[in-house]
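Here the structure is laid out as structure tokens; the discussion comes afterwards.
The values are calculated or read from the model by the stated rules, or taken from the named source; none is laboratory data. The model shown is predicted, which means the values in this text are computed figures rather than measured ones. Glycine gets a Cβ as well: all are built from the backbone with ideal geometry, and neighbour counts include every protein chain shown. For accessibility, only protein heavy atoms count, side chains too; no ligands or nucleic acids. Shrake-Rupley method; radii C 1.70, N 1.55, O 1.52, S 1.80 Å.
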Amino acid sequence: MEACGPTVASTSSSLDPDDPSWRSQVSELVTDVVAWTGNAARVLEMSDAEVRTALAHDDPVVVGIRSESHTLFGSLRDLERPRRRST
């Protein structure tokens with residue numbers, strides 16, 4: 001079986017990472033990724049702000065994910081763009 005890069009679950013700051021519903025969704029995602037790909041899957045949970053900071057500082061884990069992983073939903077590119085401030 002071929003190795004699979006981590007699955008990144010980027011969460012909003014308003015989400016409680018310990019919420020049972022969220023935990024269930026993350027667990028189901030891992031199960032689904034394994035079923036779809038036949039590869040191992042891991043979860044690295046980071047807030048959008050944590051991902052932006054990691055990208056800005058060329059964090060090796062996030063850089064590796066960006067270059068070697070397959071996107072299931074969304075895009076790290078969206079997090080690389082500067083955020084607009086609301087007025």
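Which residues, taken from segment 50-74, are touching a residue at least 12 places away in the same chain (Cβ under 8 Å), on the phi < 0 side of the Ramachandran plot and not acidic (Asp, Glu)? Scanning segment 50-74 gives 51, 52, 55, 61, 62, 64, 65, 69, 70, 72. Among the residues of segment 25-53, those that are out of contact with any Ser or Thr (no Cβ under 8 Å at 6 or more places or on another chain) and not in a helix (DSSP H, G or I) comprise 38, 39, 40. Once segment 31-87 is narrowed to residues that are at pLDDT below 80 and open to solvent by less than 70 Å² (accessible area, probe 1.4 Å), the residue that is nearest to residue 14 (Cα to Cα) is 79.
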